[in-house]
Amino acid sequence: MNKQHLQNLIFTFTISIFLVALVSARLFPDVPSLIPPGIPPATAWDAFRNFTGCHHGENYNGLSNLKNYFHRFGYIPHAPPTNFSDNFDDDLAAAIKTYQKNFNINITGELDEKTLHQIVLPRCGVADIINGTTTMNPGTETETTSNGDSNSKPRFHTVSHFTVFPGQPRWPAGKQELTYSFYPGNELTKTVKSVFATAFARWSEVARLKFTETELYYNADIKIGFFSGDHGDGEPFDGILGTLAHAFSPTNGRFHLDAAEDWVVSGDVSKSALPTAVDLESVAVHEIGHLLGLGHSSVEEAIMFPTISSRSKKVVLTEDDVKGIQYIYGRNPSFNGSTTMSSPEKNSGNGGCRVASLWSPSILFPLLTFAFSHLMF
Ligand SMILES: [Zn+2]
Ligand SMILES: [Zn+2]
């Protein structure tokens, strides 16, 4: 064995140990013990907090990233031919004002603490403004306070704030039964699949719709899968927190979740040791709303509100959500006006388990085989 060969072997062995540690860390349930308490990992948008108090007309290093954020969610309709500038220009100020209006924040056009706090929250990848049309919060001006008190919450009536996608796409009227299926490559367990079944049931309880799971993934109306980073639909995921999931309007049926998240499938997510824990059912109920044709709502309590904090659960449809789905599909004849499906976290006291830990261990072997073959040759 010559020296070069020996060096290659040592390098490969070192990298392999690193990879085993890396993959294991994302596949086993005792991840909380690997994370130092009190130090949350940096997430996709944390750096935006540094822009608190920035002024209109001035340049700030990296401000173009915030413009990209606003462009992505529809608040800056047109991107320049090259990159956005780092200048706090009129376009950015206008975007901030629309954003504040949609999220019931005092409309100042400034990057104040409250606005940035909202901006960095994990959220759905579906835009709030589609094709330049503001879909959130119709009629805000008549319903929000304007007394200038930053501590006062804007008032709004909990009626008719739901939105539908432009053109009102929906599943055909004669098709009340929709099938859904899981991307076979994820090899999800029954426990994980049951979370989605519960999420679907929350919508079928109130509207004229029925959902059935099928093994035939490519024939299913709704196709559900966990993917990482760029996964081929032009909407790449961004790692921990940031965007959590996205779904397409009818009758596309694609529902994608960011595989990098610390998804919690059971138990009380608020007790999770992971600061980045995200409740799977909460996100599933929201995205199903999109799959059926609902856009975002500015009612903070509504399922269709775009953001959700980590370690929180929101799965019960509000009046706003119910009105929205019944507007499109009509009322389930057996629905008596109030949802019977409550939040299930009260039934369980543990800190939850991660989806990743529930994936079949058979994923580990092909991953390592792939890593070895690419390092050795
Ligand atoms: Zn959404
Ligand atoms: Zn996708």
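The values are calculated or read from the model by the stated rules, or taken from the named source; none is laboratory data. Everything quoted here is computed from the prediction, not taken from an experiment. In this analysis, Cβ positions are derived from the backbone assuming ideal geometry, glycine residues included, and neighbour counts consider all displayed protein chains.
As for region 223-232, it holds no residue that is polar (S, T, N, Q), within 16 Å of ligand 2 (Cβ to nearest atom), under 30 Å from LYS323 (Cα atoms) and within 17 Å of the chain's Cα centre (by Cα).
Of all residues in region 240-260, exactly one satisfies the criterion of being farther than 21 Å from LEU66 by Cβ, away from ligand 1 (no atom under 16 Å from the Cβ), touching a residue at least 40 places away in the same chain (Cβ under 8 Å) and aliphatic (A, V, I, L, M), namely ALA259.
Residues of region 172-193 that are exposed (fewer than 14 other Cβ atoms within 10 Å of the Cβ), free of Cβ contacts under 8 Å to residues at least 40 places away in the same chain and under 15 Å from TRP263 (Cβ atoms): none at all. Summed over region 278-293, the residues that are under 19 Å from ALA127 (Cβ atoms), touching a helix residue (DSSP H, G or I) at 6+ places or on another chain (Cβ under 8 Å) and in a helix (DSSP H, G or I) give a count of 3. Residues that are crowded, with 21+ Cβ neighbours inside 10 Å and assigned to a loop (DSSP other than H, G, I, E, B) were ranked within region 251-265; the one that is nearest to the chain's Cα centre (by Cα) is GLU261. Hey, HIS296 hits all of (1) outside any loop (DSSP other than H, G, I, E, B); (2) away from ligand 2 (no atom under 16 Å from the Cβ); (3) under 21 Å from ASN131 (Cα atoms); (4) touching an Asp or Glu at 6+ places or on another chain (Cβ under 6 Å) but one; which does it fall short on? Of everything listed in (1) outside any loop (DSSP other than H, G, I, E, B); (2) away from ligand 2 (no atom under 16 Å from the Cβ); (3) under 21 Å from ASN131 (Cα atoms); (4) touching an Asp or Glu at 6+ places or on another chain (Cβ under 6 Å), HIS296 misses just condition (1). Regarding region 152-175, can at least one residue be identified that is under 30 Å from ALA42 (Cα atoms) and either within 16 Å of ligand 1 (Cβ to nearest atom) or at pLDDT below 75 (or both)? Scanning region 152-175, I find at least one residue that is under 30 Å from ALA42 (Cα atoms) and either within 16 Å of ligand 1 (Cβ to nearest atom) or at pLDDT below 75 (or both), so the answer is yes.
Within region 206-231, residues that are on the phi > 0 side of the Ramachandran plot sit with their Cβ atoms under 6 Å from residues that are within 16 Å of ligand 1 (Cβ to nearest atom), at 6+ positions apart or across chains, in these pairs: GLY229/PHE237.
Within 14 Å of VAL126 (Cα to Cα), touching a Gly at 6+ places or on another chain (Cβ under 9 Å), more than 14 Å from ligand 2 (Cβ to nearest atom) and not aromatic (Phe, Trp, Tyr): which single residue out of PRO275, PRO250, PRO236 fits that description? Spell out the reasoning first.
On the way: PRO275 fails: within 14 Å of VAL126 (Cα to Cα); PRO236 fails: more than 14 Å from ligand 2 (Cβ to nearest atom).
Exactly one residue qualifies, and that residue is PRO250.
Give region 278-293 a look and list any residue that's within 16 Å of PHE248 (Cα to Cα) and away from ligand 2 (no atom under 16 Å from the Cβ), or say none. Hits for region 278-293 are VAL285, GLY289, LEU292, GLY293.
Within region 93-101, one or more residues are touching a helix residue (DSSP H, G or I) at 6+ places or on another chain (Cβ under 8 Å), part of a helix (DSSP H, G or I) and either closer than 18 Å to ILE308 by Cβ or of a type in the set (Gly, Ala, Ser) (or both).
The set of residues in region 201-239 being within 16 Å of ligand 1 (Cβ to nearest atom), among the aromatic types (Phe, Trp, Tyr) and not in a loop (DSSP other than H, G, I, E, B) consists of TRP203 alone. As for region 243-262, it holds at least one residue that is in contact with a strand residue (DSSP E or B) (Cβ under 6 Å, 6 or more places away or on another chain), more than 20 Å from ASP128 (Cβ to Cβ) and small (Gly, Ala, Ser). Tallying residues that are under 22 Å from TYR60 (Cβ atoms), without any contact (Cβ under 8 Å) to a residue 60 or more places away in the chain and surrounded by 18 or more Cβ atoms within 10 Å (Cβ to Cβ) within region 111-132 yields 1.
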